[in-house]
1. Given Cβ point charges of +1 (Lys, Arg) and -1 (Asp, Glu) and nothing else, what value in debye, to the nearest 20, does the dipole of the range 47-145 about its Cα centre take?
2. Taking θ as phi - 60°, what are the ³J(HN,Hα) couplings along the range 111-119 by the Karplus curve (6.51, -1.76, 1.60), each to the nearest whole Hz, with x for Gly and Pro?
3. Over the chain, what is the relative contact order in percent, taking alpha-carbon pairs closer than 8 angstrom and at least six residues apart?
4. Taking the Cα centre of the chain as the origin, how large is its charge dipole in debye, to the nearest 20, when only Lys and Arg (+1) and Asp and Glu (-1) carry charge on their Cβ atoms?
5. How far, in nm, would the chain grow between Leu138 and Thr182 when pulled straight, counting 0.36 nm per residue and subtracting the alpha carbon separation?
6. If you take the charge dipole of the chain about its Cα centre, with +1 on Lys and Arg Cβ and -1 on Asp and Glu Cβ, which of Ala266, Pro11, Pro93 is farthest toward its positive end?
7. Can you put His103, His66 in order, fewest other beta carbons within 10 Å first?
8. The range 147-243: Rg/Rh from Cα coordinates, Kirkwood Rh?
Amino acid sequence: MADTVDVIVDPFTQEKLPLRLPLAFATPAEESRKALGLGDYVDVSDAVMARAVGVLHGLSQDLPGHDFALLGGVAFRFRAPSSNSTQSGLRRPLHDIDLSCHHADAKKVHTALLALGSKHGSALSVVETHADRMFNALMGGRRMRLHNVTEVLDGRAVLGTIDLLADEFRFCHNMDLRADITQAPKDGHTLGLSTLMLSKLQFIQSIPADHKDQVAGRVLGPFGKREMVIGPEDKDTKDLLALLLDHPVGDGPGEISASRLVQPLASDWGFWTTVRMNLDHLPTSPLFAAMPPAAQAVVRPRIEALRTATDRVQPKRRLGFLQREWWEPVESLGTPPPSTSSG
C-alpha cells in the first residue's frame with residue numbers, strides 16, 4: 001500500500017517534497033524501453049538506466065512533437081551493446097542523466113520534468129532544489145540542473161542529477177547540438193554517433209607535470225616546462241571504445257560519420273587539435289591495451305579512419321600551442337555544487 005510522505009530533498013533549507021512510497025514506476029522500465037524502440041541490449045535493470053528510459057518515455061508522452069536527445073553515459077548505453085555488457089570490460093557506473101532540447105522548448109521541458117513523478121510514478125520524481133534554482137538563474141536558460149529522487153532513507157531523499165542542455169554543449173569546446181536534437185527521435189533518441197564521439201574527444205585539461213603518476217593513462221603530452229595536458233577520464237574512454245567497437249566508420253545508418261565528426265573542426269584549430277590529440281592517444285591507452293586482441297583489431301582501423309579524416313581538414317592555426325585560449329579550462333566553467341543527498 002503506497003503512502004504519501006513529505007520527504008526532505010534539501011537538508012540545508014529543509015525543503016520537502018510529497019512522495020508516494022515505496023518509489024514505483026507507473027509504466028515498468030522494460031515496457032518503456034520497448035515503447036521507445038530501444039534494443040534488447042539496453043539494460044534497464046540498472047537503476048539510472050531505468051529512470052532515464054522512464055524520463056524519456058514520459059516526456060515523449062507529455063510533450064508530443066518536441067525533440068529531445070540524450071547524451072553522456074546513458075546515451076552510450078542506448079547506442080552501444082558493449083556499454084551494457086558486463087563481459088566487455090567497457091561497462092562503467094552511471095550517475096547522472098544528461099538531456100538536451102531546443103532552447104525554445106527548454107521551459108516546457110523543465111516544467112514537464114518536474115511533473116513526471118505525479119504523472120508517471122514516484123520513481124520518476126524530479127525536484128529543483130534551492131541550489132538548483134540559483135544555478136539555473138545564472139545559466140540564463142542555456143543549461144538547467146534538476147535532481148531526480150533515486151532513494152529515500154530515514155525521511156531524506158537521495159538525489160541523482162539531471163542536466164538539461166539547450167541547443168549547445170559548452171565544455172572545453174563549444175558544440176552546436178541543434179541538428180542532432182532534431183534528428184534524435186529517428187536516431188536512437190540520442191545525439192548522433194559522431195557528436196557523441198566529439199562530446200568525449202573534446203576534453204583536454206592542463207595539470208602540473210608532477211601530478212603525472214596520478215593520471216598516467218590519460219597523459220597526452222607536455223605543455224610547457226611545468227605542465228602537461230591530459231585527455232578524457234577512464235569512464236569516457238570506455239564510452240568511446242564501446243561505440244567504436246559496436247559501430248563502423250561510414251556514412252550509412254548506424255555508422256560513425258567521419259565527415260560529420262570533422263565538420264565542426266574544420267574552422268576551429270583548437271577543437272581540431274584537441275580531438276586529434278585524443279584520437280592519437282586512444283590506441284595507446286591502458287584501456288585499449290586491456291581489450292581482447294580481436295576487439296583491438298576491430299577498433300584500431302576505425303580510430304585510424306577518424307584520424308585520417310581529421311588530417312584532411314587541418315584548419316588554419318590561429319594560436320600558439322602554449323596559449324591557453326586553445327580550450328576553455330574546465331575549472332572556469334562554474335562546476336555546480338555536489339548533489340543533495342541523505343549523506
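None of the figures in this text is laboratory data; all of them are computed from the coordinates on show. Just so it is clear, the structure is predicted and the values come from calculations on it, not from any experiment. So basically every Cβ, Gly included, is an ideal-geometry build from the backbone, and we count neighbours across all protein chains shown.
1. On the way: 12 positive and 7 negative charges, 37 e Å.
Once rounded to the nearest 20, the dipole reads 180 debye.
2. 5, 5, 4, 5, 9, 4, x, 6, 9
3. Working: 596 pairs, mean separation 58.2, N = 343.
Rounded, it is 17 percent for the chain.
4. On the way: 37 positive and 41 negative charges, 160 e Å.
It works out to roughly 760 debye.
5. On the way: separation 44, 0.36 × 44 = 15.84 nm, distance 2.63 nm.
Stretched fully, the Leu138-Thr182 segment lengthens by 13.2 nm.
6. So the residue we want is Ala266.
7. Details: His103 14, His66 17.
So the residues, fewest neighbours to most, are His103, His66.
8. On the way: Rg = 17.7 Å, Rh = 16.2 Å.
Rg/Rh: 1.09.
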